[in-house]
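Right, one structure below, let's go through it.
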Amino acid sequence: MATTQVDFVEAGSGPVVMLVHSSVSGARQWRGLMDDLKSHFHVRAVNLFGYGKTPPWPAEARQSLTDQARLVEAALPAGADEIRLVGHSLGGAVAMKVAARLWSRVAKLVLLEPNPFHLLAQAGRTDAFAAAMNLRNVIKKYGAVGEWAMAAEKFADYWTGAGTWREMSQDRRLAFSEALKPNFFEWDAVMDDTTPVEEWAAVLPRATLLAFDPVGVSPTREIAAILRRSCSGWTFAEVWGAGHMAPLTRPDLINPLVCSFLESVAENKEYLEVEGWRPPRRTEAVF
């Protein structure tokens, strides 16, 4: 799909850092991180399809990770090289695809709870894949008939804990429901990709940081385990108890980790543990 308009915000000068947001968010999620990076980097935060002023995805087409990757590439400065990519959740899966496509032009990759759910099916992680598929089915079911509040409640409570929706103000619920609409198409992108983990391991940069919550929801936790087993040389950071939305809810933990990795010229560490807080035991919703 040809892209005629890609919305992004930018700050700073120096080597290029491209930030790719999660679902139901947008470039605005990176404001704090941009402030932290702009003294050393030229930072651009892109809005994916349907966010900010980037046009929505056409309803008649099926979205792919490649479609989203091309959009991100269109937002890169002309001639950009030695690119640093940072992606959260959906943005993590998109950043993986961008890094694979640009290959030698990408110097570093940061993945924050990435969600290439197809890896779960390929690895036989049937329970975790079913949990992701259940949520996908809810979004597709209610989104298809315009019942976005129902879809939004399930989505919010799954990723940020039971009762999240109940505690939102009415204005926040309306905004969240509207922001969820692009997610209807994003599920196709993350479920339909067929790239095997061996290929990701071969084409993604060795200078990759993957941060995840080891007590978070099973799909992203097990995706991290799959990549950890296959991607030798990556840095893995366990951010205990921070949750899937930590880049927004716990920037005090995530932003220093990202900045340190992007600015470092030292050899990567294979394992890091970031102490957040330990939440009470949670169970996953079944829809």
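How about region 192-211: which of its residues are of a type outside the set (Gly, Ala, Ser), assigned to a loop (DSSP other than H, G, I, E, B) and either touching a strand residue (DSSP E or B) at 6+ places or on another chain (Cβ under 6 Å) or open to solvent by less than 30 Å² (accessible area, probe 1.4 Å) (or both)?
The answer is ASP193, THR195, LEU204, PRO205.
SER23 - would you say it is of a type outside the set (D, E, K, R), open to solvent by 10 Å² or more (accessible area, probe 1.4 Å) and in contact with a Leu (Cβ under 7 Å, 6 or more places away or on another chain)?
Yes; evaluated as a whole, the condition is true for this residue.
To keep it simple, each residue is scored yes or no on (1) surrounded by fewer than 23 Cβ atoms within 10 Å (Cβ to Cβ); (2) at pLDDT 95 or above.
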site: VAL9; (1), (2): yes, yes
site: VAL17; (1), (2): no, yes
site: GLY32; (1), (2): yes, yes
site: LYS38; (1), (2): yes, yes
site: HIS42; (1), (2): yes, yes
site: ALA61; (1), (2): yes, yes
site: ALA78; (1), (2): yes, no
site: LEU90; (1), (2): no, yes
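So how many residues does region 220-264 have that are aliphatic (A, V, I, L, M), assigned to a helix (DSSP H, G or I) and open to solvent by 20 Å² or more (accessible area, probe 1.4 Å)?
4
Where the second residue is at pLDDT below 95 and of a type in the set (A, V, I, L, M) and the first is closer than 17 Å to LEU90 by Cα and lies in region 137-158, which pairs have Cβ atoms under 8 Å and are six or more apart or on separate chains?
Every condition considered, the pairs that remain are TYR158/ALA285.
Only residues that are closer than 21 Å to PHE176 by Cβ, in contact with a strand residue (DSSP E or B) (Cβ under 6 Å, 6 or more places away or on another chain) and not in a helix (DSSP H, G or I): list them for region 25-45, please. First the steps, then the outcome.
As a first pass, look at region 25-45 and keep what is closer than 21 Å to PHE176 by Cβ: 25-32, 45.
Retained after the next criterion (residues that are in contact with a strand residue (DSSP E or B) (Cβ under 6 Å, 6 or more places away or on another chain)): 27, 30, 45.
Selection gives ALA45 alone.
Taking GLY124, is it closer than 30 Å to GLY233 by Cα, out of contact with any helix residue (DSSP H, G or I) (no Cβ under 6 Å at 6 or more places or on another chain), without any contact (Cβ under 8 Å) to a residue 12 or more places away in the chain and surrounded by fewer than 19 Cβ atoms within 10 Å (Cβ to Cβ)?
Yes, satisfied.
Tell me, which residue of region 140-191 that is among the acidic types (Asp, Glu) and open to solvent by 20 Å² or more (accessible area, probe 1.4 Å) is nearest to ALA121 (Cα to Cα)?
Looking only at region 140-191, we keep the residues that are among the acidic types (Asp, Glu), and these are 147, 153, 157, 167, 171, 178, 186, 188.
Those left that are additionally open to solvent by 20 Å² or more (accessible area, probe 1.4 Å): 147, 153, 157, 167, 171, 178.
Details: GLU147: 29, GLU153: 26, ASP157: 24, GLU167: 34, ASP171: 38, GLU178: 30 Å.
Of everything passing the filter in region 140-191, ASP157 is nearest to ALA121 (Cα to Cα).
Hey, ARG101 hits all of (1) over 22 Å from LYS181 (Cβ atoms); (2) touching a strand residue (DSSP E or B) at 6+ places or on another chain (Cβ under 8 Å) but one; which does it fall short on?
(2)
Only one residue in LYS154, LYS181 is among the basic types (Lys, Arg), more than 20 Å from PRO247 (Cα to Cα) and outside any helix (DSSP H, G or I), so which one is that?
Numbers: LYS154 fails: outside any helix (DSSP H, G or I).
The unique qualifying residue is LYS181.
Restricting to region 109-146, name every residue that is closer than 29 Å to PRO251 by Cα and outside any helix (DSSP H, G or I).
Across region 109-146, the qualifying residues are LEU109, VAL110, LEU111, LEU112, GLU113, PRO114, ASN115, PRO116, PHE117.
Taking VAL106 and the conditions (1) within 18 Å of the chain's Cα centre (by Cα); (2) over 19 Å from HIS42 (Cβ atoms), which numbered condition does it fall short on, given that it satisfies the others?
(2)
The values are calculated or read from the model by the stated rules, or taken from the named source; none is laboratory data. Not measured: the values here are computed from a predicted model. When we count neighbours, we look across all protein chains shown, and the Cβ atoms used for this are built from the backbone with ideal geometry, even at glycine. Surface accessibility is based on the protein's heavy atoms, side chains included, excluding ligands, DNA and RNA. Shrake-Rupley method; radii C 1.70, N 1.55, O 1.52, S 1.80 Å.
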